[in-house]
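The values are calculated or read from the model by the stated rules, or taken from the named source; none is laboratory data. Keep in mind that this is a model prediction, so the values were computed, not measured. So basically every Cβ, Gly included, is an ideal-geometry build from the backbone, and we count neighbours across all protein chains shown.
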Amino acid sequence: MISQGNVIPLSSKQEYLIERMSIKYGVPSGFHRAVRPYFRKDLVDLVFYWDSLKVLDPADEADIRYLFDENNEWLMDGGHTVRSKSGTGLDSMGYRYSSRPVLKHFYRTPAHFLEVNKKEFYLRLNPVLNVQAGRETGAGDWVLANQRGADLRVGLDQKIYAQSTILENQLSLPAFFRNKVEKNKALPGAGFYKYFSDKLYKPQGYDFFISNAHLGFRLSPHFHIQLGHGSHFLGDGLRSLFLSEYAQEYFFLKLQARVWKLHYQSLFAELSASTPTASTAGNVLLPKKYTATHTLQAQLSSRWSLGLFETVIFNRNNRFEFQYLNPVIIYRSVEGSIGSPDNVMLGINSRYDFGRKISVYGQVLIDEFVRKEVFSSGKGWWGNKFGGQLGIKYIDAFGIPRLDLQAEYNSVRPYTYTHFDSTANYTHQRTALAHPLGANFKEYLLNLRYQPAPRWQIHAYLMAYLWGDDPMPSVNYGGDLLKPYTTRIMDYDNKTTQGRLRNIRHLGFNLSYELFHNYFIDLNGYYRQDLEDASDISRFIGAGVRVNFWRKDLNLL
């Protein structure tokens, strides 16, 4: 496979389909599931690879059609439509036209509002919409979402690619999540936001604008570079202890090289240590911080992958530390040579698929680890900062087609991701860059997806987590990434979930009906309770419509 082109949205239906089919059929050495977002061309090439092996199940025909429709620019040759590259079972499933286009020019193909195909150029333009409404019982407040925008992607000469999504947002949030926003002075995923209030959006709503974009260059068949503003995800789980899309998007430069069984990525990013609403004055330049991240993934076989991760996060008075631009050096050696002022973390991840039904995966993150302290008489040293993940996916569970289950456990020790300098903690605009809970937690996740009929989709989940909160702002038990570890409560006897215990059970569901391609009607709800606080209970039921918009229910915690 050749790394190139535009990418699919994180947490989209395409990601889910590729994941389940990869477990069934395996993947070639050039495709690496733990590095996201995926390139669109990779998905098309992956289906052709499976077809060449003659392993595709007829039950997956609808999913293959969906992937082809979404990425039909890669079913073109010199501006002309083609069928299959393999000449086998996909001959009837290539580029296709809509039976009833709108006004002759719109939705000429099932997936795209407007598309242009020329020999040297392509364009795809689609609307994005999410309108949801529901009632939070108890508090009696409306929980609303009104999000509208557009997604545009273009390609030139099969060498230069650009993509942009803009989204205008007005939200009102459940009380428990609103409290989190006000505590941290940060709305995850939003960046700058404004308050407003009316009869429906009360006690207050949040108004913000999102715009992400990137420009990509295919410098050679195996080397690709991207410059833009967006998010990334490293790992195979519902969560990532390395890097997730939970925080606001950020400016980045990404270098990717793929050859043989290896995928090497260098990601350089500019972050903000604060948020506009947390600043003490208006029209000010927010303090900058930076991160440089390497990941090396090896697809050792069609079913086994292994990866290494390292990152450094630092502050240099609004300038980059140029020594970290080296794309292949071990950051710990650089950090030591310049006086060890920065926050360096290492990690390893792996995944193994077996039986065409089960995938087992995990991550280990090491922020700091001192062996003698682990085995000394004084247990629980604060500086042993690390985290772990273990998960399993089971597709077509118990012989039931389209019933997919996933269980995952995540745990991160106190003070992990923090630093003595608060501007070098592992956050962006006061929001965690990895796991949404930050540190000092244990989390258990159960996730169910079921498709009883082609247009119906059921998603149900259970989040159960123990998190150690600070009983008052002046103390630091290690769960708040915004507090420097120099304010820690003690040096020894630190235990995961120490402090004021939050024992949360969050059970939710979403039932969706797909009217047209990526046009959904939703019915959703949840029940949330803190078992340590009888008054902290939230119930919700709501409904809405979505167009080319992907729900992220597990981020509501």
Determine whether the range 516-528 contains at least one residue that is part of a strand (DSSP E or B), over 29 Å from R430 (Cα atoms) and more than 25 Å from the chain's Cα centre (by Cα).
yes
Among (1) within 20 Å of R239 (Cβ to Cβ); (2) at pLDDT 95 or above; (3) crowded, with 22+ Cβ neighbours inside 10 Å; (4) not charged (D, E, K, R), there is one condition Y477 misses while meeting the rest; what is its number?
(1)
For the range 134-169, which positions are modelled with pLDDT of 90 or more and among the acidic types (D, E)?
D151, E168
Counting only residues that are of a type outside the set (A, V, I, L, M), assigned to a strand (DSSP E or B) and surrounded by fewer than 18 Cβ atoms within 10 Å (Cβ to Cβ), how many does the range 531-557 have?
1
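How many residues are among the small types (G, A, S), over 18 Å from Y264 (Cα atoms) and at pLDDT below 95 when one looks only at the range 13-44?
1
Any idea which residue in the range 460-474 is farthest from S411 (Cα to Cα), counting only those that are of a type in the set (S, T, Y) and surrounded by 15 or more Cβ atoms within 10 Å (Cβ to Cβ)?
Within the range 460-474, the match that is farthest from S411 (Cα to Cα) is Y461.
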Being modelled with pLDDT of 95 or more, in contact with a strand residue (DSSP E or B) (Cβ under 9 Å, 6 or more places away or on another chain), surrounded by fewer than 20 Cβ atoms within 10 Å (Cβ to Cβ) and of a type outside the set (K, R) is the requirement here; does Q457 meet it?
no
Quick one: in the range 169-207, of everything that is free of Cβ contacts under 8 Å to residues at least 40 places away in the same chain and among the basic types (K, R), which residue is farthest from N555 (Cα to Cα)?
K199
Kindly indicate the residue of the range 34-71 that is touching a Gly at 6+ places or on another chain (Cβ under 7 Å) and of a type in the set (A, V, I, L, M) and also surrounded by the most Cβ atoms within 10 Å (Cβ to Cβ) among those meeting that condition.
A34
List every residue pair whose Cβ atoms sit under 7 Å apart, with the two residues 6 or more apart in sequence or on different chains, where the first one lies in the range 235-258 and is in contact (Cβ under 8 Å) with a residue 12 or more places away in the chain and the second, anywhere, is crowded, with 24+ Cβ neighbours inside 10 Å and among the aromatic types (F, W, Y).
G235/F242; F242/F309
Enumerate the strands (runs of 3 or more DSSP E) found wholly within the range 131-207, keeping only those where 2 or more residues are among the aliphatic types (A, V, I, L, M) and under 25 Å from R539 (Cβ atoms).
141-156
Name the single residue that is farthest from the chain's Cα centre (by Cα) among those in the range 368-391 being at pLDDT below 90 and not in a loop (DSSP other than H, G, I, E, B).
K372
Hits in the range 136-161 - residues which are surrounded by fewer than 15 Cβ atoms within 10 Å (Cβ to Cβ) and within 14 Å of S172 (Cα to Cα)
G140
Quick one: in the range 403-441, which of the residues that are charged (D, E, K, R) and within 20 Å of the chain's Cα centre (by Cα) is nearest to N343 (Cα to Cα)?
R430
Assuming S240 fulfils every condition listed in (1) in a strand (DSSP E or B); (2) out of contact with any Ser or Thr (no Cβ under 9 Å at 6 or more places or on another chain) apart from one, which condition is it?
(1)
Looking at the range 22-38, is at least one residue within 24 Å of G230 (Cα to Cα), part of a helix (DSSP H, G or I) and in contact (Cβ under 8 Å) with a residue 24 or more places away in the chain?
no
Return the pairs, sorted by first residue and then second, in which the second residue is buried (at least 16 other Cβ atoms within 10 Å of the Cβ) and of a type in the set (D, E, K, R), the first residue lies in the range 484-496 and is part of a loop (DSSP other than H, G, I, E, B), the beta carbons are less than 9 Å apart, and the residues are 6+ apart or on different chains.
P484/D421; I489/D470; Y492/E373; N494/R413; N494/R488; K495/R413; T496/R413; T496/K442
Of all residues in the range 495-518, how many are of a type outside the set (S, T, N, Q) and crowded, with 19+ Cβ neighbours inside 10 Å?
4
